[in-house]
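Quick notes on the structure that follows.
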Amino acid sequence: MNLIRPDRADRPSVPPAGRERFVLAAVLLSTLTFPLTITGASLALPDIQTDLGTGLSAAQWAVNGYNACFASFLAVAGSLADVLGRRQVFTCGVALFATAGALCGLADGVLLLNVLRALAGAGAAAAVAGGTSLLSQTFTGAARARAFGLLGTVLGVGTAFGPTVAGALVDLVGWRAVFVAPALVAGAVLALCPLLPRFPGTPGRTVDAAGAVSFSAALLLLITLLVEGPERGFGHPLTLGCAIGAAVLGCVFVLVERRTADPMLALGLLADRRFLAYAAAAGALMAVLIPLLVYLPSYLISVVGLDAGQAGLWLLMLTVPSVLLPSAGARLARAVPPVALVAAAVLLCGAGALLLTGIGPESGPLAVLPGLVLVGSGAGLTNGILDGLAVGSVPAEQAGAAAGVFNTVRITAETVAIAAVGALLAALTSGALQGAAYTSALHTVCLALAGFAALSTAAVLALHGRTRTPR
């Protein structure tokens, strides 16, 4: 998962001398916590169900609520940073994330836990948007490139080793620790916030409130439909209402964005076929990788019989390639047509998912190694490259808007995919993720992900077009 989003301001201010190191430390330290809280929740799901005495759909909101609020608030948080000021939005986001995470450690019911997780997701979105804006405003030229390079490295390391750390925390301390530990780190970041430079909001910028509300509400209704549908039935009034509401609000969002003078997302960029191809590829890669990262630990714990720490170690086979392979991908992109590399990466992810249809209760690490490595390699080879290709496919004056649309597509795709995979698993197992039914359901999910990757590969090639060359 890539959270890097360049700031939309055009002329960065220079902070007081010596403040740069505080900005870098605060943003990097906060960024390190976000992968841990996502993977930690997935590893904690079995214990959450047992400890709080809840069903699968309710427990899934600990993951889906966080991701849905993160995805829906990220773009509007970027606009708020432009209007209200970068430090203010970053500080408020870190404070909300820290408070919500700490209170998760005290939650005595699944409803309270899920509400707190949703608040933590909104806080993380504000922290990411404010943090990347601070980096853009604080550093210029080569220093900015190095700062964002460090941000990508920290994010990659957090994603790669987050499952291992989270698994150890679950085993040694309990499931609440995977929420409290990131909150404690965020508390340390708060201590640095008064030392950060103040940057005023950009004059003339406004917040697209109608776009933000319609987008956020549509996404939340869609996630609710997917999570609650298997348990309540897709003909239930709640799920029908969510389906209708999501469709109507989605149309409202498109209309609002096309008519407003300062839209939250420049949807017109999606008319550029090459930009759309790269955005679709990024969404497809995350739609395969992240659901496996979220739901595979539950299978390894419930069916294979691993403890949370062992499951976290196994997931290194999936996550480490995302850290090791970006440089190799950059070299390949200079040797072969970029679209060929991107399409091959999506297909590689699909092949890995297909190999995982052979997983079973008796599987050892060597049995799942090829599938996990292929999925991780597909994502790793394009990590960072896709961002550059997408933003580079549009005119330079639209680079900031392109980055916003591209990352929103990617994060929304992974959020919807997590909820859809959870819904499929719940429907195929009647909400009981265990035994032979869980194995069969996981095989179906992996087959569906492989098919989706194959279709996405064809779509990327068709959209990009064989005769077009990069600008």
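If I filter segment 358-371 for residues that are under 16 Å from G329 (Cβ atoms), assigned by TED's automatic domain parsing to the domain that holds L442 and surrounded by 21 or more Cβ atoms within 10 Å (Cβ to Cβ), do I get at least one hit? Checked against the condition, which is being under 16 Å from G329 (Cβ atoms), assigned by TED's automatic domain parsing to the domain that holds L442 and surrounded by 21 or more Cβ atoms within 10 Å (Cβ to Cβ), segment 358-371 yields no hits at all.
Within segment 401-424, does at least one residue satisfy the condition of being surrounded by fewer than 24 Cβ atoms within 10 Å (Cβ to Cβ), in a helix (DSSP H, G or I) and over 21 Å from the mean Cα position of the chain (by Cα)? No: zero hits. Within segment 240-261, the set of residues being at pLDDT below 90 and either acidic (D, E) or under 22 Å from A59 (Cα atoms) (or both) comprises E257 only. Exactly one residue out of P297, P291 is within 17 Å of Y438 (Cβ to Cβ), outside the structural domain of L43 (by TED's automatic domain parsing) and touching a Ser or Thr at 6+ places or on another chain (Cβ under 9 Å): that is P297.
Just one of the numbered conditions (1) aliphatic (A, V, I, L, M); (2) within 21 Å of the chain's Cα centre (by Cα); (3) farther than 17 Å from A344 by Cβ is not true of A432: (2).
Is it the case that segment 214-236 has a residue that's modelled with pLDDT of 90 or more, out of contact with any Lys or Arg (no Cβ under 9 Å at 6 or more places or on another chain), exposed (fewer than 15 other Cβ atoms within 10 Å of the Cβ) and not hydrophobic (A, V, I, L, M, F, W, C)? No.
Quick check on segment 222-245. Is at least one of its residues among the small types (G, A, S), in contact (Cβ under 8 Å) with a residue 24 or more places away in the chain, assigned to a helix (DSSP H, G or I) and in contact with a Pro (Cβ under 9 Å, 6 or more places away or on another chain)? No, every residue in segment 222-245 fails to be among the small types (G, A, S), in contact (Cβ under 8 Å) with a residue 24 or more places away in the chain, assigned to a helix (DSSP H, G or I) and in contact with a Pro (Cβ under 9 Å, 6 or more places away or on another chain).
Among the criteria (1) among the hydroxyl-bearing types (S, T, Y); (2) at pLDDT 85 or above; (3) over 30 Å from N114 (Cα atoms), the one S30 does not fulfil is (3). Taking A124, is it of a type outside the set (D, E, K, R), assigned to a helix (DSSP H, G or I), crowded, with 24+ Cβ neighbours inside 10 Å and in contact with a Phe, Trp or Tyr (Cβ under 7 Å, 6 or more places away or on another chain)? Yes; evaluated as a whole, the condition is true for this residue. In segment 294-316, the count of residues that are assigned to a helix (DSSP H, G or I) and within 27 Å of P338 (Cβ to Cβ) is zero.
Among the residues of segment 225-267, the ones that are of a type in the set (D, E, K, R) and closer than 28 Å to S79 by Cα come to 4 in all. Hey, any hits in segment 305-319 for a residue that's in contact (Cβ under 8 Å) with a residue 60 or more places away in the chain, buried (at least 20 other Cβ atoms within 10 Å of the Cβ) and under 22 Å from S393 (Cβ atoms)? No, every residue in segment 305-319 fails to be in contact (Cβ under 8 Å) with a residue 60 or more places away in the chain, buried (at least 20 other Cβ atoms within 10 Å of the Cβ) and under 22 Å from S393 (Cβ atoms).
Applying the set (1) modelled with pLDDT of 90 or more; (2) within 23 Å of L265 (Cα to Cα) to V83 leaves exactly one unmet item: (1).
For segment 95-111, the criterion of a residue being assigned to a helix (DSSP H, G or I), more than 21 Å from A413 (Cα to Cα) and either hydroxyl-bearing (S, T, Y) or modelled with pLDDT under 90 (or both) is satisfied by at least one position.
When restricted to residues that are part of a helix (DSSP H, G or I) and either within 13 Å of A401 (Cα to Cα) or touching a residue at least 24 places away in the same chain (Cβ under 8 Å) (or both), segment 249-270 contains 10. Would you say A403 is assigned by TED's automatic domain parsing to the domain that holds T357 and farther than 26 Å from A212 by Cα? Considered against the rule, which asks whether it is assigned by TED's automatic domain parsing to the domain that holds T357 and farther than 26 Å from A212 by Cα, A403 comes out as no.
The values are calculated or read from the model by the stated rules, or taken from the named source; none is laboratory data. Note that the structure is a prediction, hence the values are computed from the model and not measured. Glycine also receives a Cβ, built like all others from the backbone with ideal geometry; neighbour counts cover every protein chain displayed.
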